[in-house]
């Protein structure tokens, strides 16, 4: 007995296999990603203390200054004083 696949079965398999594989990929990604939540930006709602005087304020009101590879946040007054001292 010779086992042969009929032409109709062969055609049906290759007609439906891309749809089945695509649906399986979407299902796998859906299951993997469904519990992830959007991360808030780190600065929303946080306040920073000035590295010079200790005054607290939102990051938008602070000035970043690089010192030895680290970044320190300074209020406008302390940043202006440092700019005058460096000049």
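Every read-out reported here was derived from the displayed coordinates using simple, explicitly stated rules and does not represent laboratory data. As the structure is a computational prediction, the values presented were derived from the model and not from experiment. We place every Cβ from the backbone using ideal geometry, glycine too, and count neighbours over all the protein chains shown.
Quick look at the numbers
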read-out: Globularity ratio of segment 47-86, using Cα Rg and 2.2 N^0.38 Å; value: 1.06
read-out: Distance in nm between pseudo-label sites at residue 5 and residue 55 (7 Å out along the Cβ direction from Cα); value: 7.6
read-out: Binned Cα-Cα distances of the chain, short to long, each 10 Å bin given as a whole percent; value: 13, 22, 13, 10, 11, 10, 9, 8, 4, 1
